[in-house]
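Trainee: Take a look at the following structure, please.
The values are calculated or read from the model by the stated rules, or taken from the named source; none is laboratory data. Treat the numbers as computed from the prediction; the structure is a model and nothing was measured. Methodologically, a virtual Cβ is constructed for each residue, glycine included, from the backbone with ideal geometry; neighbour enumeration extends over all protein chains shown. Accessible surface is based on the protein model in full, side chains and every heavy atom, while ligands, DNA and RNA are left aside. Shrake-Rupley method; radii C 1.70, N 1.55, O 1.52, S 1.80 Å.
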Amino acid sequence: MKDFIFSNDFSRNIDAMIYTCGYENCLPGHSYGPVMRKGYLIHYILSGCGIYKTRGKIFHLKEGDAFLICPDELIYYEADNKNPWSYTWIGIQGIKIKGYLERTSLLEQIVFHYGQDEQLRRCHERMFEANQLKTNRDLIMNSILYEYFFLLTCKFPNRQVTFNEKKSDYVEEALNYIESNYCDPITIQDIANHLNINRSYLHRLFKAYTGFSIQTYLLDYRIRQACILLKTTTLSIRVIAHSVSYADPLYFSKLFHQKKGISPSEYRNHHS
């Protein structure tokens, strides 16, 4: 059995990223599970056949078929004993992944078929080619990922997306607002006012689409930006605290320690 796999640094892009991909030529009867995964995975069958079990159903799959694994759902799959499958897989994570998939029909139609769509098939191949890069691999991998999502939305569109897309737009706009204004002392109420929606409604939407409360995300985003400044500049802790909206450097240091387990100074020394 031949098995190739790689992973890249999930911390570089929490929005959406390929955290693993590979391909496998399975032995007869080779199985995986029952198990639950934490990320989304898409398997595309290159040859052979097998079965996929999830949501109380058994799917018999063959060359050209693909199947989606969703987080925290019990799954099992097994290669055929006579004609075992070979497949490629893509593992994707990030707070925007569910929203992107909701633009497709795949969350309901978890088994699908690429047909003669060479662009979709080629995305899998290009991911392996990108793996040969030694630097900035995450950038090219994520560029392929976004193209892949675009192709999925074109081939497998969600016909009921209008209302959900509006809710997704609120979350997307909230994320953009945070990224543009995190250095100012903005509050959740400020974000809700910017979107012209109720604060509680924003909280429910954001949690449903990202898995995080918006307050947690805002704090995490500021701490991540502070980490970048600590690693790449010689700015004082006070200046860095001000740069991520905290007027009190002691309060900033307390929050930083709660999130990272060490002080800003210790973090800088560790990464110097």
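Trainee: Which ones in the range 21-36 are surrounded by 17 or more Cβ atoms within 10 Å (Cβ to Cβ) and assigned to a loop (DSSP other than H, G, I, E, B)?
Mentor: Matches in the range 21-36: Cys26, His30.
Trainee: Between residues in the range 116-137 that are within 14 Å of Ile18 (Cβ to Cβ) and residues that are of a type in the set (Val, Ile, Thr), which pairs lie under 6 Å by C-beta distance while being six or more apart or on different chains?
Mentor: That search, which allows pairs on different chains as well, returns Cys123/Ile144; His124/Thr88; Arg126/Ile144; Met127/Ile144; Ala130/Ile140.
Trainee: Would it be correct to say that Val239 is of a type in the set (A, V, I, L, M, F, W, C) and touching a Cys at 6+ places or on another chain (Cβ under 9 Å)?
Mentor: No; evaluated as a whole, the condition is false for this residue.
Trainee: Could you say which residue among Glu173, Glu147 is open to solvent by 50 Å² or more (accessible area, probe 1.4 Å), in a helix (DSSP H, G or I), touching a Cys at 6+ places or on another chain (Cβ under 7 Å) and of a type outside the set (Lys, Arg)? Break it down stepwise before answering.
Mentor: Working: Glu173 fails: touching a Cys at 6+ places or on another chain (Cβ under 7 Å).
Exactly one residue qualifies, and that residue is Glu147.
Trainee: Please note which strands (runs of 3 or more DSSP E) are completely contained in the range 38-115 and include at least 2 residues that are within 28 Å of Glu172 (Cα to Cα) and either open to solvent by 50 Å² or more (accessible area, probe 1.4 Å) or not polar (S, T, N, Q) (or both).
Mentor: 40-47, 65-69, 86-93, 111-113
Trainee: Give the residue that is most open to solvent (accessible area, probe 1.4 Å), with candidates limited to residues of the range 198-242 that are under 23 Å from His270 (Cβ atoms) and of a type in the set (Gly, Ala, Ser). Even if it seems obvious, please write down each step before you answer.
Mentor: Taking the range 198-242 first, the residues under 23 Å from His270 (Cβ atoms) are 219-242.
Narrowing further to those that are of a type in the set (Gly, Ala, Ser): 226, 236, 241.
Details: Ala226: 0, Ser236: 57, Ala241: 0 Å².
Within the range 198-242, the match that is most open to solvent (accessible area, probe 1.4 Å) is Ser236.
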